[in-house]
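The values are calculated or read from the model by the stated rules, or taken from the named source; none is laboratory data. The structure presented is a predicted model; accordingly, all values stated were derived computationally and were not measured. Methodologically, a virtual Cβ is constructed for each residue, glycine included, from the backbone with ideal geometry; neighbour enumeration extends over all protein chains shown.
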Amino acid sequence: MVNKNFTKNDISKFLSKKTGYSNSLSKKIIEDLIEILKKNIISNRLILKNIGSFKLINKKSRIGRNPKSQKNYKIKSRKVVIFKSSNTLSNKINKKFTNE
């Protein structure tokens, strides 16, 4: 799985093999978990210990430019989700890359 995206289907298969649950039950668990995560992010913030935090922020409208045509366009205001990794996760990732 080095060069492949990790999909919900992959997660449910992994969960099914790891726990012995049926594939359909694993898919239902993953779907329910994702819905819970979405609802918490929409309510403004989600913190997952030792992983990081997701936060919903408002971006103001601004002027953007098409680099090819140099034409200016108005980019509408919008909400975006940002992720900040925890120190534990960052340290683990950086330790992995420094050991290579």
Original post:
So is Leu46 under 13 Å from the mean Cα position of the chain (by Cα), at pLDDT 90 or above and surrounded by 10 or more Cβ atoms within 10 Å (Cβ to Cβ) or not?
Top reply: yes
Original post:
Are any residues in region 51-77 within 18 Å of the chain's Cα centre (by Cα) and either of a type in the set (Asp, Glu) or surrounded by 10 or more Cβ atoms within 10 Å (Cβ to Cβ) (or both), and if so, which ones?
Top reply: Ile51, Gly52, Ser53, Phe54, Lys55, Leu56, Ile57
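May I ask you to list the residues in region 1-21 that are in a helix (DSSP H, G or I) and more than 25 Å from Val81 (Cα to Cα)?
Within region 1-21, the subset in a helix (DSSP H, G or I) is 8-19.
Lys13, Phe14, Leu15, Ser16, Lys17, Lys18, Thr19 - these are the residues of region 1-21 that are in a helix (DSSP H, G or I) and more than 25 Å from Val81 (Cα to Cα).
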**OP:** With the checklist (1) surrounded by 12 or more Cβ atoms within 10 Å (Cβ to Cβ); (2) not in a strand (DSSP E or B) in hand, flag the one item Ser24 doesn't pass.
**Re:** (1)
